[in-house]
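Worksheet for the structure shown next.
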Amino acid sequence: MKCIDFDKAFSMYAMKYFREHAKEYKNYDAMEAAMPDVYARFLDTPADFLANQKPGEYFQSWDDAKVLVDWMEDYIKQRVPTPDMLLNRITELGDPAASRLFMLLQKERAPQEARMTAVSLLNELQSQLPMELYIQWQLKREAEDELCDAAAESLTQMGEDAVPAMLAALDEANDAGREALCAVLSHYPDTTGRVLGELLRLIRLPDANVAVLAGYLGRLGDERALETLIDLALQEDISYLTYIELRSAIEELGGDAPERTFDEDDPEYEAMSRLQMDFGKKGSDAEEDADSPTAPEIPDAPINGDYLQ
């Protein structure tokens, strides 16, 4: 299937439109504010490059989920911006589209972006079809894995239906997988204490991301984590931002965080102090020059219909 660059087409349409209606806009801000309406006009205007079809209706001619999902993958392979109209049409097809998207997820040679898009669309469809696959992905995952992270986020959206399978998978998962699964499980009551025990083990590991794990413990809401969190907050080698997260978790659980002092020897503390100073200075400058004019910015062309959002 031909992959038409609708972003480029809209950019040309918008430039022509604003040239013809230049007198209706006082400045670029006014043009920017009008962009959603201009994009809506573009979608509803018959186009020569579509044989006089309207861009907004172009993909409505297809109702075969396989054709549309393959088309989406072709857009990504050819590095042409994937039109929102195509993605919307895919989700309109419901279960047939979910089945094809699920098949795409299982194609390990498919582009990463295509599989990420499939995860997003399945999430929009509220499909639980990939639940077991998403859990399996967590078992032997790397700590940094965008696809696995997106799958874990979808598991969170699936609600408590995914909890029993995730709990059962903990024993088979590596540490990165256990952390990812516990991140999801921390949203739900830990009736067995399994999640608490796993998080307390993970946060004590030498390479643990203490700040992130502290957040999970705070969200889990089990005050039995306080002893460990307070102990970690007292350690001399923790950084400023890690301490802040530990303090937040301790207070969330109803505890009293130990007081700590940090100075410029801690790069995170120094960076935050400088940021606060710069922010305060900019605020003062803004008050002094409140009436100073600023140059208008030329509005960018939208990417995948961002002006409609």
Could you tell me which residue of segment 66-81 is nearest to F42 (Cα to Cα), considering only residues that are in contact (Cβ under 8 Å) with a residue 60 or more places away in the chain and either open to solvent by 40 Å² or more (accessible area, probe 1.4 Å) or not in a helix (DSSP H, G or I) (or both)? P81
So for segment 28-38 (the condition being under 29 Å from the mean Cα position of the chain (by Cα) and within 29 Å of L101 (Cα to Cα)), does at least one residue qualify? no
Can you tell me how many residues within segment 181-195 are in a helix (DSSP H, G or I) and under 20 Å from T242 (Cβ atoms)? 2
Could you check G159 against (1) at pLDDT 95 or above; (2) of a type outside the set (F, W, Y); (3) assigned to a helix (DSSP H, G or I) and say which number it fails? (1)
Can you find, within segment 1-10, the residue that is most open to solvent (accessible area, probe 1.4 Å) among those that are assigned to a helix (DSSP H, G or I) and out of contact with any Asp or Glu (no Cβ under 9 Å at 6 or more places or on another chain)? K8
Would you confirm, using the coordinates I've provided, whether A168 is over 19 Å from the mean Cα position of the chain (by Cα), part of a helix (DSSP H, G or I) and free of Cβ contacts under 8 Å to residues at least 60 places away in the same chain? yes
Could you grab me the full set of residues in segment 223-243 that are not in a helix (DSSP H, G or I) and not β-branched (V, I, T)? L234, Q235, E236, D237, S239
Among the residues of segment 96-116, count how many are within 20 Å of the chain's Cα centre (by Cα) and assigned to a loop (DSSP other than H, G, I, E, B). 1
List, please: which pairs have Cβ atoms under 9 Å, are six or more places apart or on different chains, and start with a residue in segment 144-165 that is within 23 Å of L104 (Cβ to Cβ) and open to solvent by less than 100 Å² (accessible area, probe 1.4 Å) and end with one that is basic (K, R) and in a helix (DSSP H, G or I)? L147/R115; A150/R115
Just to be sure before I move on: is A214 in contact with a helix residue (DSSP H, G or I) (Cβ under 8 Å, 6 or more places away or on another chain) and either over 21 Å from A183 (Cβ atoms) or in a helix (DSSP H, G or I) (or both) in the structure I sent? yes
Residue pairs qualifying under the 9 Å Cβ cut-off, at least six apart or on distinct chains, with the first in segment 199-213 being open to solvent by 20 Å² or more (accessible area, probe 1.4 Å) and the second being of a type in the set (S, T, N, Q) and at pLDDT 95 or above, are L200/T228; R204/T228
Looking at D175, D84 in this structure, which one is crowded, with 18+ Cβ neighbours inside 10 Å and of a type in the set (D, E)? D84
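The values are calculated or read from the model by the stated rules, or taken from the named source; none is laboratory data. Just so it is clear, the structure is predicted and the values come from calculations on it, not from any experiment. With ideal geometry, Cβ positions are generated from the backbone for all residues, glycine too; neighbour counts draw on all protein chains shown. What goes into the accessible areas is simple: the full protein's heavy atoms, side chains included, and nothing from ligands, DNA or RNA. Shrake-Rupley method; radii C 1.70, N 1.55, O 1.52, S 1.80 Å.
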